[in-house]
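The values are calculated or read from the model by the stated rules, or taken from the named source; none is laboratory data. It should be emphasised that the depicted structure is a prediction, and the values quoted were computed from it without experimental measurement. Cβ atoms come from the backbone with ideal geometry, glycine included; neighbour counts cover every protein chain shown. What goes into the accessible areas is simple: the full protein's heavy atoms, side chains included, and nothing from ligands, DNA or RNA. Shrake-Rupley method; radii C 1.70, N 1.55, O 1.52, S 1.80 Å.
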Amino acid sequence: MKRLKYILMTLCFSAAGLLQAQESMKSLMDERRENREANYAKWGPTSEHDGMGFIVRAGYVIGGTSPLPLPAEIRKINEFSPKGGFSLGIDGYKYFNMRWGLSAGLRFFMQGMHTGANVKNYGMSIVMGEDIVSGNFTGTDITETRMSGFTIPVMATYRVGARWTFNLGPYFSYWIYRDFDGHVFDGYLREGSPVGQKITISADNPAFYDFSDDMRSCSWGMEFCADFRVREHLNVFGLLDWGLSDVFKDDFQTVTFPMYPIYATLGVAYYY
Amino acid sequence: MRKIFFGLSLAAILGLVSCIQDEPLNAECDIEQAVVVTDDAEAWLLNASEAVQDVPSADTTIVFYLREEFMDENYEGWDRLKDVAINFRLTPGATITPENGSAHDFTQGGVYYHVTSEDGAWQRNYHVMFIPVQPLTVTYDFENFRWESLERYCEWFEYSDQGNEINMWATANPGFAISKSSATPEEFPTIPWENESISGHSVKLETRDTGLFGVMMNMRIAAGNLFIGTFDVANALQDAMAATRFGLPFNKKPLRFEGYYKFKPGEKFQNRTGVIQEGWVDDPDLYAVLYENTDENGQSFTLQGDNVLTHPNIVALARVTDRVHDFDNWTHFDIPFEYYKEIDEERLKTYGYNLSVVFTSSIEGGAFCGAVGSTLLVDEVKVTCEDEDE
């Protein structure tokens, strides 16, 4: 009988202890949530005060226009240098809760690159008016492209933490200015096919091309942007515009594979 | 933090660079060079340098010329042609059947070789022949022409005394075909011309605009030309002066160069960069040149665009110098060869000289200067030689 009493008492105490532990855990979590909310509120908007605002972004653009994946005919990239420029824009955002929101913006950008590559048996044709030279080129190619225009991104916004925000969504671009030109040299063209007439194209007398007029004026793709709050109202950000549309028009045959613009912007943003 | 972003973006770009795929196997299947295995080339081949031939990329026929004695079908030397080995230099990775360097009987019209590319996707058939030297003919009426294989433009040839076709005439038409793929056969710089001739056809040479490709290559015009020699299309864009290879082996002493022509200059003379030169009037050029076809080391030598009138190997020249601009009437010319050196009879006998006869509608066409529309008609040309049976 005495034993039973002990057991009951032990059970009661342990239940009380459990309850007490739960209580303290809950208060700790509440405290943390409050801390987090306070932290979120400190670093940016929350649903409590409407969750709307603007971000003004200024950055520098680097990247390139490239076929994806690189065709086997491209043997070696000898040189690459971004020929970007600045990017300036404004995003408006709206949070629906503490973490999730939506943003849309308008940005002016300058993009570009300079690249040199060795190619082997690279199917190409150059169209000049009604004349066409086509065949397989082995040698060196140097390409330079520049574009400037406006981009409208529409992105879902997710706050990973108080200071980190990730944005992901589609973008649409309009190029006001665009050019794409270059030259081939130090190699030869087999006219028509690999068994055709060999035409030597030397470094002394390269063949120039200019496909600027064959570029689209509109493009689209996916944008990913990561913001980090350095201090109140000030972010640093990195964003990547991954083009999903060929930079050339559909009826453009000269470059036999699609070329996609893939450009990153690094910069600072002011938000309020 | 910015460094991290910069690093990430750079990694993305380098990522693209590092996706370079495995090198594709070679798709080409050329015989680049053919070398006859022999210790005494001079005893049976036309000359010492004949045993080694660089094969132009467009050619699938390789001809080794034999000494004049082989013109006699019963000449005992033919026996050695029953067992001749040739070494071929192929595109790397390409394979050849019959086996490279194997000995074959070349007395039965030659041997066919089959070359397959490293990737197995492309093949070419080559016909290798040994034939007696074909002496150049000396009267030209420009009636023998045919379509090239793709029927874009015409090629001229002559018949030897034995009735064989001799492909002695070359034009820059193959180069024009590259730059103006849209050109119709009548729009080529050098075409057969029936409307005006002394008899049958004459040949019409007209300086043409090479279009946007010409601008791209800084070769804005193509003068009409016709010459004894070969045109090396592979070099046409790289070094145009080296692409016109003037002259073929000849064994007579030329004395006079005669024939008929009509010429009218195009309206606007332009320089290489396309700038119109006010007051400049275009001229044609017609000449015949004889020169030593080996250099001081005994290697074969060929005159080309930039030295055809100036090289010290030149032995004799006959050039039309008064250049009449009259397109209504035929102008007759009859010019004696002016000799700068004595003819070496031994050299002459062994085809140690080359003869070229050259016509062009723009005198500076080789340097891509001239007037688009300059037109030269030529007909009934003859090179009179010493000891020739009239």
Review point. Of everything in segment B:329-365 that's among the small types (Gly, Ala, Ser) and farther than 30 Å from B:VAL133 by Cα, which residue is surrounded by the most Cβ atoms within 10 Å (Cβ to Cβ)?
Key: B:SER361
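Residues in segment B:370-380: is at least one charged (D, E, K, R), modelled with pLDDT of 95 or more, open to solvent by less than 30 Å² (accessible area, probe 1.4 Å) and farther than 24 Å from B:LEU237 by Cα? Lay out the reasoning, then the answer.
Pass one, segment B:370-380, residues charged (D, E, K, R): B:379-380.
From what is left, the residues that are modelled with pLDDT of 95 or more are B:379-380.
In the following step, the residues that additionally are open to solvent by less than 30 Å² (accessible area, probe 1.4 Å) were identified as B:379.
Next cut, farther than 24 Å from B:LEU237 by Cα only: B:379.
Yes; the residues of segment B:370-380 include at least one that is charged (D, E, K, R), modelled with pLDDT of 95 or more, open to solvent by less than 30 Å² (accessible area, probe 1.4 Å) and farther than 24 Å from B:LEU237 by Cα.
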Revision key, fill the gap. Residues in segment B:94-119 that are without any contact (Cβ under 8 Å) to a residue 40 or more places away in the chain and over 24 Å from B:PHE70 (Cα atoms) total 6
Review point. Do you know which of the residues in segment A:211-230 that are open to solvent by 20 Å² or more (accessible area, probe 1.4 Å) and at the interface with chain B (Cβ under 9 Å from one of its Cβ atoms) is modelled with the lowest pLDDT?
Key: A:VAL230
**Study point:** Residue that is farthest from B:ASN271 (Cα to Cα), among those in segment B:182-199 that are within 14 Å of chain A (Cβ to nearest Cβ) and open to solvent by less than 30 Å² (accessible area, probe 1.4 Å)
**Key:** B:ALA183
Practice item. For A:GLY238, state whether it is more than 21 Å from B:LEU212 (Cβ to Cβ) and not hydrophobic (A, V, I, L, M, F, W, C). Key: yes
Exercise for review: Determine whether A:PHE166 is under 22 Å from A:TYR95 (Cα atoms) and in the same structural domain as A:ASN78 (by TED's automatic domain parsing).
Suggested key: yes
Check your understanding: How many of the residues making up segment B:131-144 are assigned to a strand (DSSP E or B) and surrounded by 17 or more Cβ atoms within 10 Å (Cβ to Cβ)?
Key -> 2
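Among the listed residues A:ASP141, A:ASP181, which satisfies the condition of being closer than 14 Å to A:PHE208 by Cα, free of Cβ contacts under 8 Å to residues at least 60 places away in the same chain and surrounded by 22 or more Cβ atoms within 10 Å (Cβ to Cβ)? Let's see the steps before the verdict.
Details: A:ASP181 fails: surrounded by 22 or more Cβ atoms within 10 Å (Cβ to Cβ).
Being closer than 14 Å to A:PHE208 by Cα, free of Cβ contacts under 8 Å to residues at least 60 places away in the same chain and surrounded by 22 or more Cβ atoms within 10 Å (Cβ to Cβ) holds for just one of A:ASP141, A:ASP181, which is A:ASP141.
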Point to revise | The lone exception for A:PRO82 - which of (1) more than 11 Å from chain B (Cβ to nearest Cβ); (2) closer than 30 Å to A:TYR271 by Cα; (3) modelled with pLDDT under 90 it fails | key: (1)
**Study point:** Matching residues in segment B:155-176 - criterion: being surrounded by 19 or more Cβ atoms within 10 Å (Cβ to Cβ) and either assigned to a loop (DSSP other than H, G, I, E, B) or not acidic (Asp, Glu) (or both)
**Key:** B:TRP156, B:MET168, B:TRP169, B:ALA170, B:THR171, B:ALA172, B:ASN173, B:PRO174, B:GLY175, B:PHE176
Review point. Which pairs have Cβ atoms under 6 Å, sit 6 or more apart or on different chains, and link a residue in segment B:199-218 that is assigned by TED's automatic domain parsing to the domain that holds B:TRP156 to one that is open to solvent by 10 Å² or more (accessible area, probe 1.4 Å) and polar (S, T, N, Q)?
Key: B:THR210/B:SER179; B:PHE213/B:SER179; B:GLY214/B:SER179
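Condition first: acidic (Asp, Glu) and either outside any loop (DSSP other than H, G, I, E, B) or open to solvent by less than 60 Å² (accessible area, probe 1.4 Å) (or both). Can you find one or more residues in segment B:308-328 that meet it? Give the derivation first.
Here is the first cut: in segment B:308-328, the ones acidic (Asp, Glu) are B:322, B:326, B:328.
Narrowing the set further to residues that are either outside any loop (DSSP other than H, G, I, E, B) or open to solvent by less than 60 Å² (accessible area, probe 1.4 Å) (or both) leaves B:326.
Checked against the condition, which is being acidic (Asp, Glu) and either outside any loop (DSSP other than H, G, I, E, B) or open to solvent by less than 60 Å² (accessible area, probe 1.4 Å) (or both), segment B:308-328 yields at least one hit.
Anything in segment A:85-103 that is open to solvent by 50 Å² or more (accessible area, probe 1.4 Å) and either within 14 Å of A:ASN167 (Cα to Cα) or at pLDDT 90 or above (or both)? List them, or say none. So that I can check it myself, show each step before the final result.
Initially, segment A:85-103 is screened for residues open to solvent by 50 Å² or more (accessible area, probe 1.4 Å), giving A:86, A:88, A:90, A:94, A:96-97, A:99-100, A:102.
A:PHE86, A:LEU88, A:ILE90, A:LYS94, A:ARG99, A:TRP100, A:LEU102 - these are the residues of segment A:85-103 that are open to solvent by 50 Å² or more (accessible area, probe 1.4 Å) and either within 14 Å of A:ASN167 (Cα to Cα) or at pLDDT 90 or above (or both).
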Practice item. Give the residue that is nearest to the other protein chains (Cβ to nearest Cβ), with candidates limited to residues of segment B:200-226 that are open to solvent by less than 30 Å² (accessible area, probe 1.4 Å) and in a loop (DSSP other than H, G, I, E, B). Key: B:MET217
Check your understanding: facing chain B (nearest Cβ under 10 Å), outside any strand (DSSP E or B), surrounded by fewer than 17 Cβ atoms within 10 Å (Cβ to Cβ) and among the polar types (S, T, N, Q) - does that describe any residue in segment A:190-203?
Key -> yes
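Of B:ARG256, B:ARG319, which residue is modelled with pLDDT of 95 or more, in contact with a Pro (Cβ under 9 Å, 6 or more places away or on another chain), over 30 Å from A:PHE185 (Cα atoms) and in the same structural domain as B:MET217 (by TED's automatic domain parsing)?
Values: B:ARG319 fails: in contact with a Pro (Cβ under 9 Å, 6 or more places away or on another chain).
Unique residue meeting the criteria: B:ARG256.
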Review point. Before we move on, is A:VAL133 over 22 Å from A:ARG216 (Cβ atoms), touching a Phe, Trp or Tyr at 6+ places or on another chain (Cβ under 7 Å), open to solvent by less than 50 Å² (accessible area, probe 1.4 Å) and facing another protein chain (nearest Cβ under 10 Å)?
Key: yes
